[in-house]
Structure formats: C-alpha cells, structure tokens
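A.B. asks: Pasting a structure here, questions to come.
Coordinate-derived values only; no laboratory data. It should be emphasised that the depicted structure is a prediction, and the values quoted were computed from it without experimental measurement. Every residue, glycine as well, gets a Cβ built from its backbone with ideal geometry; the counts of neighbours run over all protein chains shown.
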Amino acid sequence: MKRIKKNLHSIIVFLLFETVAVTLWLTKDNIFYLLNFSYIGCSIALGVFLYSRKYKYARRVVQLLVGLYMLVYLGLICGENMQIEGFWYYLFTGVFEAATIHYAVAKIFGPLIFGRGWCGYACWTAMILDFLPYKTPSQPRKRLGWLRYVTFAASLIFVAALFLAKVGNIERIMFWAFLIGNAAYYAVGIALAFACKDNRAFCKYVCPVTIFLKPMSYFALFRIKCDKDKCVSCGKCRRVCPMDVDVTDNSRRRKNGTECILCMECVKNCPKNAL
Ligand code: SF4
Ligand code: SF4
Ligand code: SF4
C-alpha cells in the first residue's frame, strides 16, 4: 500500500494513457493504438517515477524516449507526417488517423489537463534544442511572437494549395514535407537559440503549434502553484525558468502563463519548497 502511494503519480499517468490506448484500440479496431499509447504512457510514467526519485535527468529521459520514437519510428520508418502539415492533411481528407489523433491528444484537448507537458517532455524539436547551452534566457523576450502566426498560416496554405491544385500522390509529398520541415525547424531553432542566447527561442517565437497549445493550456488542470505563505520572493524560480513564467502569481493570467512547459526547474530550485 505504501509503495502504491509513493508511486501514485506514475500510476495515474500510466492509467490515463492506458485509457486512451484501449479506447482508441477498440474504437478504431487497430492494435497499433494500444501499443503506441502504451509505450508513450510507460515512458512518461517512468519519467515521473525517476523525478520522484530525484533523478536529475528524468525529463530528458522522457524527451528522448518519446521524441526519438515519434521522429524516427513514426516519422522516418512508418512515413507518418506528425507535424502540423500532417495534421492539416488528415483533417482535409476527413480521417481521424495518425496526426489528427496525435494533435487531438497531445496538442488540442490534452493541454486542458496537462498544459504544455508535450513541450517539456515529448517534442522532438525541443529534444534537440534542450541540448544547446542556453538553458535559461539571459536577455528579455523579443517582440517576435507574431512569427508563429506566419508559420501557422504558411503550413495551412501549403497543404490547402496541394488539395486545391489536385496534386497527385500527396502522401509522398507529406513524407518529404516531414523531412524538409524537420530539417528547417532544427536549423532555425538552433540558429535562433544562438542568436537570442536562449534554447527555447524557437518555441517562444516561431513554432506554429503554439497557436493550439497556448489557448488550450490557459485552462490546464495541472499547473504549478505558489504557496504564498512559504514564498520569500527571492526570484530564483523566475531566474531558472526557460520560458519566463511568473510562477509566483497563481492567477491564470500570470505573465507568460501559457508558456509553462512543466519542466519543474522552478520547483526543484525553490529554496523554500513553495512551489
Ligand atoms: S513550442 Fe513547438 S517546438 Fe517548442 S516544444 Fe512545443 S511543440 Fe515543440
Ligand atoms: S523560488 Fe520559491 S521562494 Fe523564491 S520567489 Fe520563487 S516561489 Fe518564492
Ligand atoms: S520553470 Fe516552472 S514555470 Fe518555468 S516552464 Fe518550468 S515548470 Fe513552468
């Protein structure tokens, strides 16, 4: 009983993903969904378990387990475009498959529960960016957030144009779009990280997925909260935050609140255990 209590968070995460896995397996009559979501659930539950044991690289382990699986296995080996272009593609073809399911679970409805956990633990773009040297931003935010609307519109226009022009073999084009899109994301992400001295500059200014993630995560069930009675306003949480969130403000409107990726750096570094 004591052991169950100690690992309760890991068990809840695992059961949450298992519910999605079994539901999709039975409704879609496809065992892939059972294996896919079970693997992701196990990876995240392992991360939560390692975090509870204070393992320093718990989050990085999950990032690599899930990110590499999605990038290499689903993307490169299975040929599924799991990026935003793939989402538009499946949406336009009217099928609830691959990227549409991925977006629904990880990026549209999931954030109502776990906020931007996707960005902290699973994204294969950030998986690489987080290896770069600028873990916490040393400069104030730039007014470049409008760029995300440009990339969002560009992805939509690109796929819509393929459909309107009735281009043949769009599936093949989607595979190449996945390769080229990822290469571009990594190139721009790394260049921006060095230019802004901020690993997460791409996430803050360019990533089109944030158009879904930010409004949905505003309502997130799981949020980091501050115990005002314990907080001594030392500002350490703010200094270690990669996303410039004012986590001492408990309101949903807190500064950069929809940017929190639940990385737990603030929690780990708070000297008063106030978070
Ligand atoms: S903002 Fe975009 S690139 Fe950054 S972690 Fe989230 S989904 Fe990945
Ligand atoms: S690190 Fe902890 S004590 Fe310091 S300001 Fe943040 S919440 Fe308060
Ligand atoms: S440091 Fe805290 S507030 Fe900042 S992104 Fe990580 S979990 Fe969120």
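A.B. asks: Percent relative contact order of the chain, based on C-alpha pairs within less than 8 angstrom and at least six residues apart?
C.D. replies: Once normalised by length, the contact order is 19 percent.
A.B. asks: Taking the Cα centre of the chain as the origin, how large is its charge dipole in debye, to the nearest 20, when only Lys and Arg (+1) and Asp and Glu (-1) carry charge on their Cβ atoms? Provide the component values of the computation, followed by the final result.
C.D. replies: Values: 36 positive and 15 negative charges, 316 e Å.
The dipole of the chain has a size of about 1520 debye.
A.B. asks: Count neighbours as other Cβ atoms within 10 Å of each site's Cβ, and list the chymotrypsin sites (Phe, Trp or Tyr not before Pro) in the range 151-208 that are DSSP loop with at most 11 such neighbours. Before the final figure, lay out the partial values.
C.D. replies: Working: sites: Phe152, Phe158, Phe163, Phe175, Trp176, Phe178, Tyr185, Tyr186, Phe194, Phe202, Tyr205; in loops: none.
When the chymotrypsin sites (Phe, Trp or Tyr not before Pro) of the range 151-208 are filtered for loop state and at most 11 Cβ neighbours within 10 Å, nothing remains.
A.B. asks: Can I ask one more? If I stretch the segment between Phe131 and Phe222 completely, what's the gain in nm (0.36 nm per residue apart, minus their alpha carbon distance), one decimal? Don't skip to the answer; put the middle values down first.
C.D. replies: Values: separation 91, 0.36 × 91 = 32.76 nm, distance 2.61 nm.
Full extension from Phe131 to Phe222 adds 30.2 nm.
A.B. asks: Still on this structure, I have one more. Efficiency by 1/(1 + (r/R0)^6): what FRET value for Lys268 and Ala183, r their Cβ-Cβ distance, R0 = 41 Å, to the nearest 0.05? Mind showing how you got there, number by number?
C.D. replies: On the way: r = 33 Å, r/R0 = 0.82.
Between Lys268 and Ala183 the formula returns 0.75.
A.B. asks: Oh, and also: Among the listed pairs Lys2/Lys255; Lys2/Lys236; Lys6/Lys225; Lys6/Lys230; Lys54/Lys236; Lys107/Lys272, give every one whose C-alpha distance is greater than 31 Å. Could you put the intermediate results ahead of the total?
C.D. replies: Working: Lys2/Lys255 39 Å; Lys2/Lys236 33 Å; Lys6/Lys225 21 Å; Lys6/Lys230 24 Å; Lys54/Lys236 19 Å; Lys107/Lys272 33 Å.
Over 31 Å Cα-Cα: Lys2/Lys255; Lys2/Lys236; Lys107/Lys272.
A.B. asks: Let me ask another. Chymotrypsin sites (Phe, Trp or Tyr not before Pro) within the range 25-114: which are DSSP loop residues with at most 16 other Cβ atoms inside 10 Å? Each step should come with its number before you reach the end.
C.D. replies: Numbers: sites: Trp25, Phe32, Tyr33, Phe37, Tyr39, Phe49, Tyr51, Tyr55, Tyr57, Tyr69, Tyr73, Phe87, Trp88, Tyr89, Tyr90, Phe92, Phe96, Tyr103, Phe109, Phe114; in loops: Tyr55, Tyr57, Phe96, Phe109.
Answer by residue number: Tyr55, Tyr57, Phe96, Phe109.
A.B. asks: Further, regarding this structure: Across 10 Å bins from the origin, how do the percents of Cα pairs in the range 1-55 run, short distances first?
C.D. replies: Per 10 Å bin, starting at zero, the Cα-Cα P(r) for the range 1-55 comes out as 28, 42, 22, 7 percent.
A.B. asks: Could you please rank Lys204, Lys268, placing first whichever residue has the fewest other Cβ atoms within 10 Å of its Cβ?
C.D. replies: Values: Lys204 23, Lys268 13.
Lowest count first: Lys268, Lys204.
A.B. asks: Oh, and also: Could you pull the Cα extents of the chain along its three principal axes, largest to smallest, in whole Å?
C.D. replies: 62, 49, 30
A.B. asks: About the Cα centre of the range 77-217, how large is the charge dipole given +1 on each Lys and Arg Cβ and -1 on each Asp and Glu Cβ? Please answer in debye to the nearest 20. Can you show the working numbers first?
C.D. replies: Details: 13 positive and 6 negative charges, 136 e Å.
Dipole size: approximately 660 debye.
A.B. asks: If neighbour count is taken as other Cβ atoms inside 10 Å, put Val159, Val245 in order from fewest to most. Kindly include the intermediate steps, with their values, before the conclusion.
C.D. replies: On the way: Val159 24, Val245 21.
In order of increasing Cβ crowding within 10 Å: Val245, Val159.
A.B. asks: Which residues in the range 254-270 place their backbone N less than 18 Å from a point set 7 Å from the Cα of Cys234 along the Cα-to-Cβ direction?
C.D. replies: What the label zone holds, given the 18 Å backbone N cut-off, is 264-270.
A.B. asks: List the residue ranges in the chain for DSSP H helices whose C-alpha atoms run 30 angstrom or more along the long axis and whose Kyte-Doolittle average is 0.5 or above. The partial results should precede the final answer.
C.D. replies: On the way: long enough: 31-52 (31 Å, 1.59); 170-196 (36 Å, 1.46).
The answer, listed by residue number, is 31-52, 170-196.
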